[in-house]
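Trainee: Here you go, one structure.
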Amino acid sequence: MDSFTMLRHFGCFALLAFSLPLWADTTETVFTLSDDMQTATNYFSKRSDSVGNYSFLFNKDYQASLITYARPEGYQWQSNYRSDSKVFKRLYFPNTSSYAYLQRQNNKRDGFLQKDEQNPNRYYLVVDGSQCMGDGCEMEESIVSVIVPKRFKVLNYKAKVNGEWLDWQAGDWKVVDGTYTFYRRRLQSVMVGLHVEDAASYGYTRMSDAFSANKNIEVSNEGNRIRVVMPLDKLFASGSADMEKEGLQWLKTLQASLKDINYQELRVEGHTDNVPIVRKTGSGMANNWDLSSARAANIVRYLIGEGVAAERIAAVGYAEMRPRGSNDTAEGRQRNRRVEFSIVTSESTPATQPATH
């Protein structure tokens, strides 16, 4: 059984019903998944050369307020509408040749996103296009477009036409960046399915596993970014920007893990305690600003040399300005001497509680 067939829709799927003789029409669905993976916006429109009456049937307890926009004006909501011995809530567009509505959806209610049982970082996303009802019903053409946030990597995609799933990527697809659009003429119903991977969750799992044996290194998931914190004493000698052997091994592990992560940017941050450095002749470093910046820059140069894309990496030095502990104790100063790697997996910043290992 195809994994998409296990998905069910609980409230948002609307049946397109014609109350006059049928004619050719065009339907368009634009589904935008939010970065939080739990909400979405769905825009539906229909155009025809003829005037008629149209209905959309929702579950009887559907909240009409979730339709945030509908045109033309003059549409009607009808509760307890009966069709085939079932009770629905009906959105009714009388005497029109075209109409459109915008709908807010929630995954808990509408069930458009389901985890892949074989991989907790992967999901099946299914989007309903439209379905006409009635003997001999046929839409002239239908377009379904799905906009996927950058935090997701799309692994594969397919369409379901007239109740039958096509093969992966079969049919008329157009893919531009994170927008996946399916087009088909002469059909009765359509939906599309995408197999996606959450880059943020996968990246955290990949990085956390890579450093699981090293209790000195912290890995946290902060929504759209992964943060890796390495203690400075194993990376650099005191007052120096030259890397130590053990630190180089840590960086090799980091670089190997980055190869498997779909990320937007890697930022390397150097931090020190508040103890002034001992100036050395020819070092070119006068204070902790110079030292933290030089350390971050050397790490960046090393990672670029190991294959990290130069356009996606940056270095910054914070000196002692962002402490994690008190600089009044030896333990606190040790916590403050560190390098942090901020791996941004998407452009937006959802508010989530960090998870750490």
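Trainee: Which one of the conditions (1) closer than 27 Å to residue 122 by Cα; (2) modelled with pLDDT of 90 or more does residue 249 fail to meet, given that it meets all the rest?
Mentor: (1)
Trainee: If you check residue 314 against the conditions, is it in contact with a Leu (Cβ under 9 Å, 6 or more places away or on another chain), small (Gly, Ala, Ser) and within 29 Å of residue 154 (Cβ to Cβ)?
Mentor: Yes; evaluated as a whole, the condition is true for this residue.
Trainee: Taking interchain pairs and intrachain pairs at least six residues apart, which have beta carbon atoms under 7 angstrom, with the first residue in the stretch 297-312 and assigned by TED's automatic domain parsing to the domain that holds residue 268 and the second acidic (Asp, Glu) and surrounded by 12 or more Cβ atoms within 10 Å (Cβ to Cβ)?
Mentor: These pairs meet every condition: 312/265.
Trainee: So, one more: Restricting to the stretch 222-271, what's the tally of residues that are among the small types (Gly, Ala, Ser), within 24 Å of residue 333 (Cβ to Cβ) and in contact with a Ser or Thr (Cβ under 7 Å, 6 or more places away or on another chain)?
Mentor: Of the residues in the stretch 222-271, 1 are among the small types (Gly, Ala, Ser), within 24 Å of residue 333 (Cβ to Cβ) and in contact with a Ser or Thr (Cβ under 7 Å, 6 or more places away or on another chain).
Trainee: Can you tell me which residue is nearest to the chain's Cα centre (by Cα) among those in the stretch 207-228 that are outside any strand (DSSP E or B) and surrounded by fewer than 19 Cβ atoms within 10 Å (Cβ to Cβ)?
Mentor: Result: 209.
Trainee: Take the residues of the stretch 109-164 that are basic (Lys, Arg), under 28 Å from residue 221 (Cα atoms) and part of a strand (DSSP E or B): which is modelled with the lowest pLDDT?
Mentor: The first filter runs over the stretch 109-164 and keeps only residues basic (Lys, Arg), leaving 109, 115, 122, 150-151, 153, 158, 160.
Those still in the list that are under 28 Å from residue 221 (Cα atoms) too: 109, 115, 122, 150-151, 153.
Then drop every residue that is not part of a strand (DSSP E or B), which leaves 115, 122, 153.
Working: 115: 91, 122: 90, 153: 86.
The extreme case among them is 153.
Trainee: Another question about this same structure. Let me confirm something: among 233, 260, 273, which residue is of a type outside the set (Gly, Ala, Ser), under 22 Å from residue 301 (Cβ atoms) and surrounded by fewer than 22 Cβ atoms within 10 Å (Cβ to Cβ)?
Mentor: 233
Trainee: Is the stretch 185-192 home to any residue that is of a type in the set (A, V, I, L, M, F, W, C) and either free of Cβ contacts under 8 Å to residues at least 40 places away in the same chain or not assigned by TED's automatic domain parsing to the domain that holds residue 147 (or both)? Write out each step before concluding.
Mentor: Taking the stretch 185-192 first, the residues of a type in the set (A, V, I, L, M, F, W, C) are 187, 190-192.
Still in the list and also either free of Cβ contacts under 8 Å to residues at least 40 places away in the same chain or not assigned by TED's automatic domain parsing to the domain that holds residue 147 (or both): none.
No, the stretch 185-192 contains no residue that is of a type in the set (A, V, I, L, M, F, W, C) and either free of Cβ contacts under 8 Å to residues at least 40 places away in the same chain or not assigned by TED's automatic domain parsing to the domain that holds residue 147 (or both).
Rundown of residues vs (1) touching a helix residue (DSSP H, G or I) at 6+ places or on another chain (Cβ under 8 Å); (2) polar (S, T, N, Q), yes/no style:
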site: 170; (1), (2): no, no
site: 176; (1), (2): no, no
site: 180; (1), (2): no, no
site: 189; (1), (2): no, yes
site: 204; (1), (2): no, no
site: 215; (1), (2): no, no
site: 218; (1), (2): no, no
site: 226; (1), (2): yes, no
site: 233; (1), (2): yes, no
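The values are calculated or read from the model by the stated rules, or taken from the named source; none is laboratory data. Please read these numbers as outputs of a predicted model, since none were measured by experiment. Ideal geometry is used to build each Cβ from the backbone, glycine not excepted, and the neighbour counts take in all protein chains shown.
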